[in-house]
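Below is one structure; the comments refer to it alone.
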Amino acid sequence: MGSIEVIDADITTLRVDAIVNAANQRLRGGGGVDGAIHRAGGPRILEDCRRVVPDGARLPTGEAIATTAGDLPARLVVHTVGPVYADAGEDAPALLRSCYERSLAVAGDEGCRSIAFPSISTGVYGYPVEEASRIAMAVLTAHVDAAREPSRVVMCCHGEHDRAVYQRALEDLRGG
Ligand code: AR6
């Protein structure tokens, strides 16, 4: 049986097989959770980012790719690129859905049994958190209900407000 947990924590501290990074297309680090992951995980993550997305290349929005997790307790970092809400227009929901789906698929291909997600696109990229939470939890519940790996899914929010929003989205889907 799979599980979904919604927590308020620093994602860099989690002992899971894969943590997801809300990255940008160039994969060279940034602010927010991206900055926290590179700081805590050390230079090996950036080194591996250069290998998987060479200079001049871009990871398309909605896609995901795995690197080492460097010094983090996780085994892998799955970098995904969320939509910039103001630019994506009507494509925003499908692109955000794709981030969660592709990250799960990449982690599954890498043999991961557990994965933790940050609240993708809802920081610098400006996606309203209520809307984003409904999309995220719809993908995560469908994944777990289909009994796929990674079977242990953690939604790792930053702050109690966001945790409550994602928890409510999960309960709405579960009829709780
Ligand atoms: N653990 C968990 N969540 C965190 C952490 C942490 N340590 N730190 C921040 N968050 P953002 P985006 C939350 O802006 O909107 C970067 O510069 C944060 O509170 O990190 O997808 C990239 O390089 C928010 O809820 O990501 C891109 O250029 C969530 O993580 C751009 O920002 C996402 O906020 C991506 O923007």
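The values are calculated or read from the model by the stated rules, or taken from the named source; none is laboratory data. A quick note: this is a predicted structure, and the numbers were derived from the prediction, not measured. Quick note on the areas: whole protein, heavy atoms, side chains included, nothing else; ligands and nucleic acids left out. Shrake-Rupley method; radii C 1.70, N 1.55, O 1.52, S 1.80 Å.
Carbon and sulfur together cover what percent of the accessible area of the chain at a 1.4 Å probe radius? So the carbon and sulfur contribution to the accessible surface is 48 percent. In the context of the full protein assembly, Leu46 retains an accessible surface of approximately 50 Å², using a probe radius of 1.4 Å and ignoring ligands and nucleic acids. Across the chain, Cα pairs under 8 Å and at least six residues apart give a relative contact order of 30 percent.
Between the C-alpha center of the range 93-121 and that of the range 1-64 there is a gap of 11 Å.
Summed over the residues of the range 1-135 and divided among them, the accessible surface reaches 46 Å² per residue at a probe radius of 1.4 Å.
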